[in-house]
Amino acid sequence: MHNYTELFDIVNDSDQVIGYATRQQAHKYCLYHRSVHILVFNTKKQLFLQKRALTKDTAAGLWDTSAAGHVDKGEVYDIAAQRELCEELGLCNQQLTPLFKLSASPYTGYEFTWVYKLETDQELVLNTTEIETGAWFTPDEINSWLNLTPETLTPSIRFIWQKYQQCYC
C-alpha cells in the first residue's frame, strides 16, 4: 500500500531543509522530517477521529487525528495539509486555521508537525485505503478515552490533544 520510495525533505533541528530521504530511510533512521495533522470539528464542537487502516506502516489500527500525513519533498506545510484533507476525507479547498507547530521529537515520530483546525458540517468521504473507520467525539469523550485506554490512540493524537487542550480550552 505504501510507496516506501516516496521522498521527504530531511531537516535540521531548526526545521531547515538539509537534504532528502525516502520514507523508509526517514523512519528507519529517525531522521527529522515534516508532517501535518488536521483537527476537523463540526458545529456541535465534536472532533472527528479516524481509525487508521491495518495496512498502514506505522500505528496501524490505532485512532488518530481527523487527517494527517507527511510533507513531501519540496512541498510546504499548508499545501500538504490541504492535500491530506482532500485525500483522506474528501474535503478539498478548505479554509484551514493553523493552530500550533510541534518540534520534532520521539512523541511526533521525529517530525516537525503543524496542526490545523477546520470546522465543517460537510459530509466526509473516507479513503478506505487509509482509514478503517471514523466517528465524531465530544472533548469529554476523548478525555475519558485518553484516561481509560490511551494505547488505542496514536502517540501523535495523545500529544496533540494535550497541547490543544492547554492552548484552546
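Rule-based calculations on the coordinates, nothing more; no lab input. Bear in mind that the values here come from a model prediction, so they are computed numbers and not experimental data. In this analysis, Cβ positions are derived from the backbone assuming ideal geometry, glycine residues included, and neighbour counts consider all displayed protein chains.
With labels modelled as points extended 7 Å from the Cα through the Cβ direction, what inter-label distance (nm, one decimal) is found for N147 paired with T55?
Going by the 7 Å Cα→Cβ label model, 3.8 nm.
Got a sec? Which residues in segment 117-145 would a label at Y168 touch, if it sits 7 Å along Cα→Cβ and we count backbone N under 19 Å?
From segment 117-145, the list is 117-124, 135-145.
Only Cα pairs under 8 Å and at least 6 apart count here; give the relative contact order of segment 7-168 as a rounded whole percent.
Reported relative contact order: 26 percent.
With angles folded into 0 to 90 degrees, how steeply does helix 155-168 sit against the dominant principal axis of the chain? Use alpha carbons for both and round to 10.
Tilt of helix 155-168: around 60 degrees.
For helix 77-89, what angle does its Cα long axis make with the longest principal axis of the chain, in degrees from 0 to 90 and rounded to 10?
Helix 77-89 and the main axis of the chain meet at about 50 degrees.
Taking Cα atoms, how many degrees apart are the long axis of helix 139-148 and the longest axis of the chain, rounded to 10 and kept between 0 and 90?
Between helix and principal axis, roughly 70 degrees.
Among the DSSP beta bridges whose two residues both lie in the chain, what percent are antiparallel, rounded to the nearest 5?
Antiparallel: roughly 70 percent of the beta bridges in the chain.
Over the chain, with a Gaussian network built from C-alpha contacts below 10 Å, which listed residue (T65, T149, T133) shows the highest mean-square fluctuation?
T149
Hey, rough spin-label estimate for F100 and N127, points 7 angstrom out along Cα→Cβ, what's it come to in nanometres?
2.7
Roughly how compact is segment 7-168, stated as its Cα Rg over 2.2 N^0.38 Å to two decimals?
Its radius of gyration relative to the 2.2 N^0.38 Å reference: 0.98.
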